[in-house]
1. Tell me which residues, restricted to the range 520-533, are in contact with a strand residue (DSSP E or B) (Cβ under 7 Å, 6 or more places away or on another chain) and away from the ligand (no atom under 16 Å from the Cβ).
2. Would you point out the residue of the range 534-563, among those that are of a type in the set (G, A, S) and modelled with pLDDT under 95, that is nearest to the ligand (Cβ to nearest atom)?
3. Within the range 285-297, is even one residue in contact (Cβ under 8 Å) with a residue 12 or more places away in the chain and assigned to a helix (DSSP H, G or I)?
4. Yes or no: the range 186-198 includes at least one residue that is free of Cβ contacts under 8 Å to residues at least 12 places away in the same chain and either among the acidic types (D, E) or not assigned by the TED database to the domain that holds S598 (or both).
5. Specify the residue that is nearest to the ligand (Cβ to nearest atom); the eligible residues are those in the range 392-436 that are open to solvent by 20 Å² or more (accessible area, probe 1.4 Å), over 15 Å from E376 (Cβ atoms) and of a type in the set (G, A, S).
6. Confirm whether D181 is within 16 Å of the ligand (Cβ to nearest atom) and within 26 Å of G593 (Cα to Cα).
7. Identify the single condition in (1) part of a loop (DSSP other than H, G, I, E, B); (2) open to solvent by 10 Å² or more (accessible area, probe 1.4 Å) that G317 does not satisfy, given that it satisfies every other one.
8. Only one of P154, P172, P202 is over 13 Å from F231 (Cα atoms) and touching a residue at least 12 places away in the same chain (Cβ under 8 Å); which?
Amino acid sequence: MPPIFHWLRGKKIPYFPSCPSRQVCGTMRLRLARLLLQPLWGSQAFYKPLRYVSIGLPRPQKTITDFEAILEGKQAIPEYFNFASDVLDMWTQMEKTGKRPPNPAFWWINGQGDEVKWSFEELGIQSRKAANVLSRVCNLRPGDRLLVILPRIPEWWLVNVACMRTGIIIIPGISQLTMKDIQYRLQASGAKAIVTIDSLAPQVDAISADCPSLRTKVLVSGSSRQGWLNFRELCQAAPEEHNCVKTKSQDPSVIYFTSGTSGAPKMLEHTQIGYGVGFSICARKFMDLTNSDIFWNTSDTGWVKTAWSSYSTWITGACLFTHELPKTDTSLILNTLCQMPITVFCCVPTMFQMIVQQDLSRYKFKSLRHCVAGGESLNPDVRTKWKSQTGVDLYEGYGQSETTLICGNQIGKKIKPGSMGKAFPPYDVQIVDDEGNILPPGKEGNIGIRIKPKLPICFFTGYLNNAEKTASCKRGDFYLTGDCAHMDEDGYFWFKGRMDDVINSSSYRIGPFEVESALSEHPAVAESAVVSSPDPIRGEVVKAFVVLNSNFINQDPGELTRELQDHVKRLTAPYKYPRKVEFVQELPKTVSGKIQRSILRKKEWGN
Ligand SMILES: Nc1ncnc2c1ncn2[C@@H]1O[C@H](COP(=O)(O)OP(=O)(O)OP(=O)(O)O)[C@@H](O)[C@H]1O
């Protein structure tokens, strides 16, 4: 038989005795087979089914390159996709055949000596047990909704993967939610079950009667509670075998409530494929992850960034590290980076700002080589200080709960300090006016994402139960993010502020970010928030709420105000200086740590 037929059938041929495993070769063989067959039959429809059946080859596993191609529209969206079976179980196979380094898939510590380390195989076993608990004991079916409010403990990731395996839609919630917040989320989502911890159980009990859809309450705890199932005990007893549900690519996978930075939290939904492959490009080109990396993101589990991190890390086969962080303090973070072999690290810009105010020469990071930040503006000064003190680059990313990463600094591309970088595939990002017309470079306007003629696959399906709101952010061919920026000639985006936060003083449009950035460079300022304040002559003026560093607290407020005003005038265009300054103990923040300027603005305007 000619060698080509041996090769097509997956047998070793004399010319290539060191041919790698059949499975890896399978993809190449299939491509060649396709090339050979294409001219014979011509039609795609004919040769496509051959791919898996006709020549007896194992079904090729998709790689990150395939996922990126799907994301960019270069490969067709598969009809079925499930992150657990298509990605996590693929890494289990790679692990077993030695094609992945031996670092764990999941690594958790709590700072008190407790540690959990799972390989992909162990994560698979544990999550299959959890899947059996959700489907058999809790009686949840594909498409049912499950509210999960857990701190950064391993069970959060187990429940997540179990939801993937069962097709249950997960709704992550932040642990600091109050009774009212939980009630709002249960009622709005119609969740059939809740998984939470001891401290929140009494609050859930108090509102259960007002949440008619809620059938099952599951506690992650060492003790039991009446009316609640015990997750840990049930998982221990559950069988390890579970057949992953075949979810369609367009099936919903997760529902998030937005941060509520600018109003009541909105409920939005993402699909299996949207989140499943939506982070493949950002994982490599923004987070710089490979399967030998150990990635840590300090984000709370209820915020989208934890899901972003899990999907990005695992799609590359890297290890997801997490610290329980009962309280987020900078020295705990820095010490963890010194003790653990974390290679890539992510936290919010505000945290980096607090960190760079310390003397970082005392810390020697074990393996850190790359850092990312997002969710808020990153002051250029913070990036410079971080880089000069640690030698590690800090990349900025911009995105929303509604999307995946929209813009960001890209590996290998120039970073322009103060800019959030360029658009990330597959998004076509433009600056548009309020009607959705594209504006030229340099002109300020809405950050818009093109949604016509084709919706990017990693785009939310809409605000649930809120068609009006979903429609209101679409103009022409674009989705309006609600944020204001300009794009330069090179395609870099420069954030100005949320549309609602931009201050219009005597016809000058001033973004809070520019003023806050300038203020942050003054040694007295720990953090600040800038909003509009009413003024009889100018209509509105810039007002800065400033939290002082401890060694400036006793300074004369009048003198310090003048000093800060002069400082801003020196660093930026003088018309932007804060005509009003108020010193405060703390700033209002969302549970995810973002400054709520809308609250300060309402206080100023009395509405
Ligand atoms: N790199 C960044 N620079 C500036 N702002 C950012 C950056 N990344 C994210 N943001 C801000 O965060 C917003 C997205 O945050 P998120 O989806 O958590 O909801 P939210 O807008 O804070 O909450 P809500 O919609 O309930 O008011 C963006 O629209 C933008 O305003």
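1. The answer is A524, V525, A526, S532, S533.
2. G539
3. The answer is yes; a qualifying residue exists.
4. No.
5. Filtering the range 392-436 for residues that are open to solvent by 20 Å² or more (accessible area, probe 1.4 Å), over 15 Å from E376 (Cβ atoms) and of a type in the set (G, A, S), the one nearest to the ligand (Cβ to nearest atom) comes out as A423.
6. When the stated conditions are applied, D181 passes them.
7. Going through (1) part of a loop (DSSP other than H, G, I, E, B); (2) open to solvent by 10 Å² or more (accessible area, probe 1.4 Å) one by one, G317 breaks only (2).
8. None of the others qualify; the one that does is P172.
The values are calculated or read from the model by the stated rules, or taken from the named source; none is laboratory data. Here the structure is a predicted model, which means the values were calculated and not measured. Note that each Cβ is placed from the backbone with ideal geometry, even for glycine, and that neighbours are counted across all protein chains shown. In case anyone asks, the SASA skips ligands and DNA or RNA and just uses the protein heavy atoms, side chains included. Shrake-Rupley method; radii C 1.70, N 1.55, O 1.52, S 1.80 Å.
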